[in-house]
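Asks: Please read through the structure below; I'll follow up with questions.
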Amino acid sequence: MAQYRVVKLALPRRSGTPRVRAGVTAVALVLVVALVVAAVVAWLQRPGAGRGGVPAYVVRLILPDGKRPIDLPPIEGPADASRPLVVIDAGHGGHDPGASGAGGDHEKALTLAMALALRDALLEQGRVRVALTRADDRFLVLQERAGIARRLHADLFLSIHADAADVPDAAGATVYTLSDKGSGAMADAVAARENRVDTVNGVALDGQGDTVSQFLVDLSQQRMRASSLAFAGLIRREGEGHLRFRDRPLQQAAFIVLESLDVPSVLLEAGYISNPQDVRDMRSRPWRNEFGHAVARAIEIFLASQNASPNGAGVAAL
């Protein structure tokens, strides 16, 4: 049977009671922390570290008060101001990524790439002027996007987006125009606008009376809806063989961004970011170039037809 020997180890004894030793440790810790904080404060308040006693790590930003309109984007293309102007809107941007794909693609990046491709195709032809609501990754509210087209007195407004759906086989492009529901709400807002100094097709609403003003608004909406539908049909026609469309490619919806009273406006969902094939297309530069040229042809045909039409006065010849 094995034999075991018990060995006792003698540990050195500390003086003082446990409570006193803990108190001394706490005081020492507080002193160390105080010394560190004092050193940091002294460093931050050194000459040149800040102005007016404000530490250097404080950053002050002047935010807009919302009363001043955003700056207008540059107009590219021919210097001739009589040439028609197209405003292209790349959907989403900034802190609003839009829809996201399974591969990490964001709608805001794809829409900007397609908007730039369309701009390049139009400038290549050299017959129209072009402005982008955004040429980089910035955020704009919906009213600002349509407002840019209105303030620039554009002849056409096109907003580019990428759709998303949980349905696995959802694919293809859709061309939207403003619905009757959205137009009706817009008519009420325009007719009651403060100071009533807006114009509809060059006719001032101010002083016309409620009935006449409402009639002018409704008449303008009917013309703009008809023009928008015509442009949507041209995108469908010129995109055939170049773009893949949904079974029902022409639809209407109450998109706020389309609420432009006197500008033909269309929202183009170029494809589904939730569909792998559509995403591969939108990522592809050759596809985007083809997309840009197809939509550019639709734009030029539309503007030429507007100029030839009796109701297309004010649109320059191409």
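The values are calculated or read from the model by the stated rules, or taken from the named source; none is laboratory data. What you see is a predicted model; the values in this text were computed from it and never measured. FYI the Cβ positions are ideal-geometry reconstructions off the backbone, even for glycines, and counts take in every protein chain you see. Heads up: the accessible areas ignore ligands, DNA and RNA and are worked out on the full protein's heavy atoms, side chains in. Shrake-Rupley method; radii C 1.70, N 1.55, O 1.52, S 1.80 Å.
Asks: Evaluate the following for V263: is it farther than 21 Å from A304 by Cα, touching a Lys or Arg at 6+ places or on another chain (Cβ under 7 Å), surrounded by 20 or more Cβ atoms within 10 Å (Cβ to Cβ) and of a type in the set (V, I, T)?
Replies: No.
Asks: Are any of the residues in region 280-287 surrounded by 17 or more Cβ atoms within 10 Å (Cβ to Cβ), assigned to a helix (DSSP H, G or I) and of a type in the set (D, E, K, R)?
Replies: There is at least one residue in region 280-287 that is surrounded by 17 or more Cβ atoms within 10 Å (Cβ to Cβ), assigned to a helix (DSSP H, G or I) and of a type in the set (D, E, K, R).
Asks: Of all the residues that make up region 264-309, how many are farther than 19 Å from L158 by Cβ and hydrophobic (A, V, I, L, M, F, W, C)?
Replies: Residues flagged as farther than 19 Å from L158 by Cβ and hydrophobic (A, V, I, L, M, F, W, C) within region 264-309 amount to 2.
Asks: OK, next. Of the numbered conditions (1) modelled with pLDDT of 90 or more; (2) of a type in the set (S, T, N, Q); (3) open to solvent by 60 Å² or more (accessible area, probe 1.4 Å), Q252 satisfies every one except a single condition; which is it?
Replies: Exception for Q252: condition (1).
Asks: If you don't mind, another one. Which of the residues belonging to region 97-115 are in contact with a strand residue (DSSP E or B) (Cβ under 8 Å, 6 or more places away or on another chain) and open to solvent by less than 50 Å² (accessible area, probe 1.4 Å)?
Replies: Passing the criteria: P97, G98, A99, E107, K108, L110, T111, L112, M114, A115.
Asks: Same structure again: I'm trying to understand the selection: among the residues of region 74-90, which are touching a Ser or Thr at 6+ places or on another chain (Cβ under 9 Å) and either under 19 Å from N307 (Cα atoms) or free of Cβ contacts under 8 Å to residues at least 12 places away in the same chain (or both)?
Replies: Start the filter on region 74-90 by keeping residues that are touching a Ser or Thr at 6+ places or on another chain (Cβ under 9 Å), which leaves 87-90.
Correct list: V87 only.
Asks: Here's another thing I want to ask about it. Could you please let me know if P78 is outside any helix (DSSP H, G or I), of a type outside the set (A, V, I, L, M) and open to solvent by less than 50 Å² (accessible area, probe 1.4 Å)?
Replies: Yes.
Asks: What pairs come up if the first residue lies in region 160-185 and is farther than 23 Å from Q222 by Cβ and among the charged types (D, E, K, R), the second is at pLDDT 85 or above and open to solvent by less than 30 Å² (accessible area, probe 1.4 Å), and their beta carbons are under 6 Å apart, counting only those six or more places apart or on different chains?
Replies: If the second residue must be at pLDDT 85 or above and open to solvent by less than 30 Å² (accessible area, probe 1.4 Å), the pairs left are D163/E269; D163/Y272.
Asks: Please go through (1) more than 30 Å from H106 (Cα to Cα); (2) at pLDDT 90 or above for M224 and return the number of the only condition it doesn't satisfy.
Replies: Here M224 meets the rest and fails (2).
Asks: Across region 140-164, what is the total count of residues that are acidic (D, E) and either under 15 Å from M114 (Cβ atoms) or open to solvent by less than 20 Å² (accessible area, probe 1.4 Å) (or both)?
Replies: Residues flagged as acidic (D, E) and either under 15 Å from M114 (Cβ atoms) or open to solvent by less than 20 Å² (accessible area, probe 1.4 Å) (or both) within region 140-164 amount to 1.
Asks: Next question. Would you tally the residues in region 116-139 being open to solvent by 40 Å² or more (accessible area, probe 1.4 Å) and either in a helix (DSSP H, G or I) or not small (G, A, S) (or both)?
Replies: 11
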